[in-house]
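> To start, I am sharing the structure in question, which I have written as structure tokens.
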Amino acid sequence: MIDAKNDLQTRWWKLEEKLMNRFGKKPDLEAILFLIGIQEFGQLRSKFTKEQKQDLMHVAVCSLLAKSGYYELESKDEDGWPHFRQLKALPDQSLPEQENFLKDHVLLYFTEHDFI
């Protein structure tokens, strides 16, 4: 039987390798969330402020967790920023469990977008 945690780690390493080949350096989870946030925001800019970068990572997390029914897109403001409504509480997890929970959703995202 395959250990789910090891399978997740193996799939994560494959994603990191693919992103490293695409962008020239190995991304961490924050960088991957930032990329997803830009994709979901739909506007590529040459520069984002620190606050906008945090907002993009928030957009990524909400977009990812919307697939599991935790959030739904409520609206987009006049600048195109998506706003989400939380539908249910997130599971009570330790930090490593939270990270794996997010990684699993990131892998699903990239699979659905035909990147992996």
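Readers should treat all values here as calculations from the given coordinates under stated rules, not as data from a laboratory. These numbers come from a predicted model, not from an experiment. Here Cβ is always computed from backbone atoms with ideal geometry, including for glycine, and neighbour counts include all displayed protein chains.
> Being part of a loop (DSSP other than H, G, I, E, B), among the basic types (Lys, Arg) and either under 15 Å from the mean Cα position of the chain (by Cα) or surrounded by fewer than 16 Cβ atoms within 10 Å (Cβ to Cβ) (or both) narrows it down to one of 14, 25, 18, 53, so name that one. Can you show your working first?
Details: 14 fails: part of a loop (DSSP other than H, G, I, E, B); 18 fails: part of a loop (DSSP other than H, G, I, E, B); 53 fails: part of a loop (DSSP other than H, G, I, E, B).
Matching residue, one of 14, 25, 18, 53: 25.
> Moving to a separate point now. Considering each residue of segment 18-53, count those that are among the aliphatic types (A, V, I, L, M) and under 18 Å from residue 78 (Cα atoms), and give that number. Steps first, answer last, please.
In the first step, residues of segment 18-53 are kept if they are among the aliphatic types (A, V, I, L, M); the result is 19-20, 29, 31-33, 35-36, 38, 44.
Among the residues that remain, those that are also under 18 Å from residue 78 (Cα atoms) are: 38, 44.
Counting residues in segment 18-53 that are among the aliphatic types (A, V, I, L, M) and under 18 Å from residue 78 (Cα atoms) gives 2.
> Since residue 96 meets every condition but one in (1) loosely packed, with under 11 Cβ neighbours inside 10 Å; (2) of a type outside the set (D, E, K, R); (3) in a loop (DSSP other than H, G, I, E, B), which condition does it not meet?
(3)
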